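Worksheet: one structure, shown below.
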Amino acid sequence: MSTEEEPRREAEGEETPDVDANYQPPPQKTIEEIMATDQEDESLRKYKEALLGAAQAEKIVVDATDPRKVIVKKLALCVTGRPDMELDLTGDISKLKKQSFTIKEGVQYRIRIDFVVQREIVHGLKYVQKTLRMGVPVDKMTHMVGSYPPKADLQSYTTPPEEAPSGLMARGSYTVTSLFTDDDKNEHLKWDWSFEIKKDWN
């Protein structure tokens with residue numbers, strides 16, 4: 001359900017809203033409300049039953065101790081031909097800043113977010129990422145993830161490919177603040193992590 005579109009970016013020092021000024025998020029509806037509409041349209045009714053039937057049949061709760069609708073499980077940095085570099089987001093996220101990924105300059109990489117949706121449909125999920133170097137913002141991007149029904153299985157979103165900076169001036173350590181949010185500005189998870197750009201992987 002994710003859209004492979006170009007992320008919105010901000011230039012350094014430029015304040016740009018995360019969504020278009022004219023954008024109005026659709027009103028949120030429960031599964032019951034969605035199923036109750038368009039009952040006269042047989043094909044649409046069957047489509048919604050196929051899409052949401054499992055979620056309607058039972059209130060899917062993956063973790064009863066967690067009140068959130070979205071539980072973010074993992075961030076993975078993916079480079080073709082190499083094992084994924086992963087951050088476990090289910091523990092003490094304050095410690096993640098001490099774990100640093102190494103990225104070879106100039107390579108293409110993607111970021112994958114693994115998450116679980118429980119209880120109700122979540123509308124307009126977004127992944128927002130701000131990158132800083134020595135405390136100075138150097139990049140910000142927002143990826144529109146989409147809307148997801150509750151599901152016992154793990155769901156995921158992978159960003160379009162990004163190219164790591166290259167050259168002597170680009171090498172060094174970067175810190176990142178990641179946010180998984182939605183149209184209503186609910187913060188499902190916000191965490192900091194870091195990476196280092198080197199001339200080679202070692």
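If only one of SER166, SER173, SER156, SER94 is open to solvent by 30 Å² or more (accessible area, probe 1.4 Å), farther than 16 Å from ARG68 by Cα, part of a helix (DSSP H, G or I) and touching an Asp or Glu at 6+ places or on another chain (Cβ under 9 Å), which one is it?
Working: SER166 fails: part of a helix (DSSP H, G or I); SER173 fails: part of a helix (DSSP H, G or I); SER156 fails: part of a helix (DSSP H, G or I).
When all the criteria are applied, what remains is SER94.
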Scan of region 60-74 for residues that are out of contact with any Phe, Trp or Tyr (no Cβ under 7 Å at 6 or more places or on another chain), among the aliphatic types (A, V, I, L, M) and surrounded by 17 or more Cβ atoms within 10 Å (Cβ to Cβ), ordered by number: ILE60
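Using the structure shown, decide if ARG112 is in contact with an Asp or Glu (Cβ under 8 Å, 6 or more places away or on another chain) and of a type in the set (Lys, Arg). Even if it seems obvious, please write down each step before you answer.
Working: in contact with an Asp or Glu (Cβ under 8 Å, 6 or more places away or on another chain): yes; of a type in the set (Lys, Arg): yes.
Considered against the rule, which asks whether it is in contact with an Asp or Glu (Cβ under 8 Å, 6 or more places away or on another chain) and of a type in the set (Lys, Arg), ARG112 comes out as yes.
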Looking at region 121-140 only, could you name the residues that are open to solvent by 20 Å² or more (accessible area, probe 1.4 Å) and either closer than 21 Å to VAL79 by Cα or not in a strand (DSSP E or B) (or both)? LYS130, MET134, GLY135, ASP139, LYS140
Is there a residue being open to solvent by 40 Å² or more (accessible area, probe 1.4 Å), without any contact (Cβ under 8 Å) to a residue 40 or more places away in the chain, within 22 Å of GLU187 (Cβ to Cβ) and not β-branched (Val, Ile, Thr) anywhere in region 141-153? no
Is it true that VAL72 is at pLDDT below 95 and within 13 Å of the chain's Cα centre (by Cα)? no
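Residue-wise test of (1) under 18 Å from the mean Cα position of the chain (by Cα); (2) of a type in the set (Ser, Thr, Tyr).
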site	(1), (2)
ASP153	yes, no
SER156	yes, yes
PRO160	yes, no
SER166	no, yes
LYS199	no, no
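Within region 97-113, can you find the residues that are crowded, with 16+ Cβ neighbours inside 10 Å and either in contact with a helix residue (DSSP H, G or I) (Cβ under 7 Å, 6 or more places away or on another chain) or part of a loop (DSSP other than H, G, I, E, B) (or both)?
Initial filter on region 97-113 (crowded, with 16+ Cβ neighbours inside 10 Å): 101, 103-105, 107, 109, 111, 113.
Listed by number, the residues that qualify are GLU105, VAL107.
The values are calculated or read from the model by the stated rules, or taken from the named source; none is laboratory data. If you're wondering where the values come from, they're calculated on a predicted model, not measured in any experiment. FYI the Cβ positions are ideal-geometry reconstructions off the backbone, even for glycines, and counts take in every protein chain you see. Ligands, DNA and RNA are excluded from the accessible area calculation, which covers all protein heavy atoms including side chains. Shrake-Rupley method; radii C 1.70, N 1.55, O 1.52, S 1.80 Å.
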